[in-house]
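Below you'll find the structure, written out as C-alpha cells, and then a few comments.
The values are calculated or read from the model by the stated rules, or taken from the named source; none is laboratory data. These numbers were taken from a predicted model, which means no experiment stands behind them. Heads up, the Cβs are rebuilt from the backbone with ideal geometry, glycines too, and the neighbour counts pull from every protein chain shown. In case anyone asks, the SASA skips ligands and DNA or RNA and just uses the protein heavy atoms, side chains included. Shrake-Rupley method; radii C 1.70, N 1.55, O 1.52, S 1.80 Å.
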Amino acid sequence: MAIKESQLQLSVVTYLKYMYPKSIVFSVPNGGFRNLKEAAMLKRTGVLAGVSDLIFLHKRAVFFLELKTEKGKQSESQKQFAKLVSDQGHCYMIIKSIDDLKFEYSFHEYAVMAVNQKKN
C-alpha cells in the first residue's frame, strides 16, 4: 500500500524527535488553498513558494527535508528552492521513506567528517 505524504511526514518527525531529542524539527505549512487577499498577504510577509516540508536543526547544521511519495516529483519552485539552499552550503534532502532519511543523514555525517579531516 502506498504511503501518503502526510503519513511519511508524521513518521519522519516522530523518528527525528525520538533519535535526536535535543534537536529541533518543524514543518513549514506552505500548502493549502487560500483566497487571493490572504495569499498576497502571506507572500508579502515572507511565505516562499517551494520551501521544504520540514526543517531540521542538529549539531549546528540545518537540513531542509522535502518529503515525497514514491511517485512524487518536485515542483519547479521546489527545485529552485533546493538550488538556493545548496548554493548557501546547506543540506537539502528529498525523502521518500525513513530509510532514505537514515541514508541521507549518514551520508551527510560522513561527508562532514571527511571535510573536517582534510582541514587538519
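Observations
- Residue-level analysis places PHE63 among those that are within 17 Å of SER106 (Cα to Cα) and either in contact (Cβ under 8 Å) with a residue 24 or more places away in the chain or touching a Phe, Trp or Tyr at 6+ places or on another chain (Cβ under 8 Å) (or both).
- Residue in the stretch 14-40 that is modelled with the lowest pLDDT, counting only those that are farther than 17 Å from ILE98 by Cα, of a type in the set (A, V, I, L, M) and open to solvent by 80 Å² or more (accessible area, probe 1.4 Å): LEU36
- Annotation: GLN78 fulfils all but one of (1) assigned to a strand (DSSP E or B); (2) under 20 Å from SER6 (Cα atoms); the unmet one is (1).
- Residue match in the stretch 41-52 (condition: open to solvent by less than 30 Å² (accessible area, probe 1.4 Å) and touching a residue at least 40 places away in the same chain (Cβ under 8 Å)): yes
- Residue match in the stretch 32-46 (condition: among the aromatic types (Phe, Trp, Tyr), part of a loop (DSSP other than H, G, I, E, B), in contact with a strand residue (DSSP E or B) (Cβ under 9 Å, 6 or more places away or on another chain) and at negative phi): no
- Unmet requirement for LYS68, which otherwise passes all of (1) touching a Lys or Arg at 6+ places or on another chain (Cβ under 6 Å); (2) surrounded by fewer than 13 Cβ atoms within 10 Å (Cβ to Cβ): (2)
- Test for SER11: is it surrounded by 13 or more Cβ atoms within 10 Å (Cβ to Cβ) and either part of a loop (DSSP other than H, G, I, E, B) or in contact (Cβ under 8 Å) with a residue 60 or more places away in the chain (or both): yes
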